[in-house]
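Report on the structure given below.
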Amino acid sequence: QVQLVESGGGLVQPGGSLRLSCVASGFTFENYWMRWYRQVPGKEREMVAGISRTSRSTPYLADVKGRFTNSRDNANGTLYLQMNSLKDAGTAVYYCARVEADAGRVDWWGQGSQVTVSS
């Protein structure tokens, strides 16, 4: 059974850092591109970062580039999102997602992890 289990969310002050983890199971993790999305109530979900199978390509939303780092450990099937210099606008539910190999669309979502940036 495919599972993406997220952890690491919480409350952080503006300018602070947080690292999200997404543990994958039930499929061959290294065969898939992965992504991180975030969503605020009332707004559309937006993609914040992607990562290729071997981490050679790591595209980012322009607003987070230079502050966020997407990485993966294929040996233990874990995706990470290191978030530095967090801003109030970073408050959202963050989701990891698996990208379907042929269609390029998300075909599985993590349960979501709340990140709240507030002083």
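The values are calculated or read from the model by the stated rules, or taken from the named source; none is laboratory data. As the structure is a computational prediction, the values presented were derived from the model and not from experiment. So basically every Cβ, Gly included, is an ideal-geometry build from the backbone, and we count neighbours across all protein chains shown. Calculation scope for accessible area: heavy atoms of the full protein, side chains included, ligands and nucleic acids excluded. Shrake-Rupley method; radii C 1.70, N 1.55, O 1.52, S 1.80 Å.
Scan segment 81-107 for residues that are surrounded by 22 or more Cβ atoms within 10 Å (Cβ to Cβ) and of a type in the set (D, E, K, R) and report the count.
Of the residues in segment 81-107, 1 are surrounded by 22 or more Cβ atoms within 10 Å (Cβ to Cβ) and of a type in the set (D, E, K, R).
Quick check on Ser113: is it among the small types (Gly, Ala, Ser) and surrounded by fewer than 15 Cβ atoms within 10 Å (Cβ to Cβ)?
Here the answer is no, as Ser113 does not meet what is asked.
With a cut-off of at least 3 residues that are open to solvent by less than 50 Å² (accessible area, probe 1.4 Å) and at pLDDT 95 or above, name the strands (runs of 3 or more DSSP E) lying wholly within segment 5-47. Steps first, please.
Values: elements: 10-12, 18-25, 34-39.
The qualifying strands (runs of 3 or more DSSP E) are 18-25, 34-39.
Look through segment 50-65, keep the residues that are touching a residue at least 12 places away in the same chain (Cβ under 8 Å) and more than 20 Å from Val106 (Cα to Cα), and return whichever of them is least open to solvent (accessible area, probe 1.4 Å).
Looking at the filtered set, the residue picked out is Val64.
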